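Asker: One structure is given below, represented as structure tokens, and several questions about it will come after.
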Amino acid sequence: GSAAAPSLDLGLSWQTYQQVENALSDFEAWLADHLESVRRNPGDNLLSQLVTARDDDGKGLSETELRAIAGLVLATGFETTVNLLGNGIALLHEHPSQLRRLQADPGLWPNAVDEVLRIDPPVLLTGRMVARDTTFAGVDVKAGALVTTLLAGANRDPEVFTDPDTFDVARENAADHVSFSSGRHYCLGAALARMEGEVGLRAIFDAFPDLRVLPGASRRTTRILRGYAVLPARLSS
């Protein structure tokens, strides 16, 4: 997943492009074998359900469709969640008063996850194609043009969020972020991601309340996905 994540970005160097292509090829080869194994021995999991699913005419998903869905699940259901958890751990380490507030009032954990998503989203930006000629912020944009939408920038809009650069786990409108996009593009897994973030972050800080992030953390070099490549931590003092 980490090796293939830069495939979402534009302007890759030739070396990075080759590394991404090799990673995707390896994933395709592994997935072909795995799908065949699942067909022989289906289990109680999502991929097994997809492999065995049939419509009213008895037709199932094609090999291409199955591979596409598996890749989508990996990118959206794993990569982004890993980034959410890492970003949340780092933020709570950097803001111990906010962590103490959560420990005193665990009911704030769901809101805290939205605040993590707002202030340090796993997906920084996305792209859209303009459906019709329009004017936005005084700029004329023609139909068919590709535009970059900065989700992370919108999440710090001072017209929406008071003190937008402040990390506040009790922020009343934290859920107004656009880290899951909006409209017809709204993330289908938003509810699951929020639950995973709450369970994951709460569990690790419940188990290791003295967790400390150590020197040496480094961000991934990807532009669209934002997370940590390395996040060393000491679990107890």
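The values are calculated or read from the model by the stated rules, or taken from the named source; none is laboratory data. Here the structure is a predicted model, which is why all the values come from computation and not from measurement. Positions of Cβ are generated from backbone atoms using ideal geometry, with glycine treated the same way; all protein chains shown enter the neighbour counts. Ligands, DNA and RNA are excluded from the accessible area calculation, which covers all protein heavy atoms including side chains. Shrake-Rupley method; radii C 1.70, N 1.55, O 1.52, S 1.80 Å.
Asker: Hey, ARG223 hits all of (1) closer than 13 Å to GLY86 by Cα; (2) assigned to a loop (DSSP other than H, G, I, E, B) but one; which does it fall short on?
Answerer: Result: ARG223 fails condition (1) only.
Asker: Hey, THR134 hits all of (1) surrounded by 12 or more Cβ atoms within 10 Å (Cβ to Cβ); (2) closer than 24 Å to GLU94 by Cβ; (3) β-branched (Val, Ile, Thr) but one; which does it fall short on?
Answerer: (2)
Asker: I'd like the full set of residues that are open to solvent by 70 Å² or more (accessible area, probe 1.4 Å) and modelled with pLDDT of 95 or more, limited to the stretch 104-131.
Answerer: Taking the stretch 104-131 as the starting set, the residues that turn out to be open to solvent by 70 Å² or more (accessible area, probe 1.4 Å) are 104-105, 129, 131.
Answer for the stretch 104-131, where residues must be open to solvent by 70 Å² or more (accessible area, probe 1.4 Å) and modelled with pLDDT of 95 or more: ALA104, ASP105.
Asker: Moving to a separate point now. Being open to solvent by 70 Å² or more (accessible area, probe 1.4 Å), within 30 Å of VAL213 (Cα to Cα) and in a helix (DSSP H, G or I) narrows it down to one residue among GLN49, GLN98, GLN19; which is it?
Answerer: Testing whether each residue is open to solvent by 70 Å² or more (accessible area, probe 1.4 Å), within 30 Å of VAL213 (Cα to Cα) and in a helix (DSSP H, G or I) leaves just GLN19.
Asker: Working only within the stretch 210-227, note down all residues that are under 11 Å from PRO122 (Cα atoms) and open to solvent by 50 Å² or more (accessible area, probe 1.4 Å).
Answerer: ARG223, ARG226
Asker: Name, by its number, the condition in (1) exposed (fewer than 13 other Cβ atoms within 10 Å of the Cβ); (2) closer than 26 Å to VAL178 by Cβ; (3) among the aliphatic types (A, V, I, L, M) that does not hold for LEU91.
Answerer: Only one criterion is unmet by LEU91, namely (1).
Asker: Would you please list the contacts, defined by Cβ atoms under 7 Å and residues six or more apart or on different chains, that run from a residue in the stretch 135-151 that is closer than 27 Å to ARG226 by Cα to a residue that is loosely packed, with under 10 Cβ neighbours inside 10 Å?
Answerer: LEU146/MET129
Asker: If I filter the stretch 118-129 for residues that are within 23 Å of GLN98 (Cα to Cα), free of Cβ contacts under 8 Å to residues at least 60 places away in the same chain and not in a strand (DSSP E or B), do I get at least one hit?
Answerer: yes
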